[in-house]
Amino acid sequence: MSGPEDAAPSPSGVRDMLASALFFSAMSLLVKLAGERIPAVEIVLVRSVVSLVLSIHFLRRAGISWRGNRPGLLVLRGLFGLMGLVCFFRAITRLDLAEVTVLHYTNPIWTTVLAALVLGEGLRRRHGLALACAVAGVLLVAQPPLLFGAGCAGEALPLDGVLTALAGAFFAAAAYVTVRKLGRTESPLVVVLYFPLVSVPVITPFALAGWVWPTPLEWLLLIGVGITTQAAQVFLTRGLHRLPAGPATTIGSSQVVFATLWGWLIFGAVPGPLVILGALLVVAGVLVARSGSARG
């Protein structure tokens, strides 16, 4: 008997996942442009304020209390999300869009590992294979001189940028695991609210300490970061409701393609063959990890 994974993908679900990937890549592009002069913590603050306003609006429309049932865990989810976003935005200012997107896209694999350790979800041999693919892919993208030598055809990425991107992926995974733990007791709207509810007061002192007043164009870029992120999350939620995990993850990996196109069109950045091979290995690792979770 065929299960949900064998069913033909919903056309509307496919469109939703493609739209989500496009908006997430557009968000990265706007962060890259704004980050040429605006500090990452300032971008996070503006993005969080936009998210806070929208979240309060949707909660009021739904008639749901903002407090939630497990405030301690909700605050922890907000902190993990904040650290992940700060790392991701800082990495965008240090690396090309394609490179940082590939490194950040390892977060589903870290989610699988953390879910096994924290939630007791079983690890399978395929998860070890997924992790090996991800590590190999990261090494091909980063091309550390210790392994590739100074004469490598590519150019080694800044170590701080690579580590920041990977830290962002890890904290994003921690946030996802926390969300899964909250899933049975909290409304998704409340879970979404707690990210800006935590991030705004925490990040504000750091943003004000090094505040750079944006130009009118930069204000548009910063507001665009908040809007594109919100749109991406809406389409992602709809797509995950309409598609099984396997097809959804496959289509979601198009974010790497969109980021590469933005980098080429706007910045003239063309990834080398090793970066492309590394990206394929990371995507393969994510697909292996997700297929194992879907069937396990």
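The values are calculated or read from the model by the stated rules, or taken from the named source; none is laboratory data. Only a predicted model underlies this, so the values are computations on that prediction, with no experimental measurement involved. Cβ: placed from backbone, ideal geometry, glycine included. Neighbour counts: every protein chain shown.
A few remarks follow.
- Among the residues making up the range 61-86, those that are of a type outside the set (A, V, I, L, M, F, W, C) and surrounded by fewer than 14 Cβ atoms within 10 Å (Cβ to Cβ) are Arg61, Gly63, Ser65, Arg67, Asn69, Pro71, Gly72.
- If you go through the range 1-43 and keep only what is more than 21 Å from Val102 (Cα to Cα), at pLDDT 90 or above and not in a loop (DSSP other than H, G, I, E, B), you end up with Val41, Glu42, Ile43.
- Of the listed requirements (1) within 24 Å of Ala279 (Cβ to Cβ); (2) free of Cβ contacts under 8 Å to residues at least 60 places away in the same chain, Thr101 misses just one: (2).
- Residue check, Thr185 closer than 17 Å to Ser55 by Cβ, out of contact with any helix residue (DSSP H, G or I) (no Cβ under 7 Å at 6 or more places or on another chain) and modelled with pLDDT under 90: no
- Test: residue in the range 254-275 that is closer than 17 Å to Val46 by Cβ and either at pLDDT below 85 or assigned to a helix (DSSP H, G or I) (or both): no
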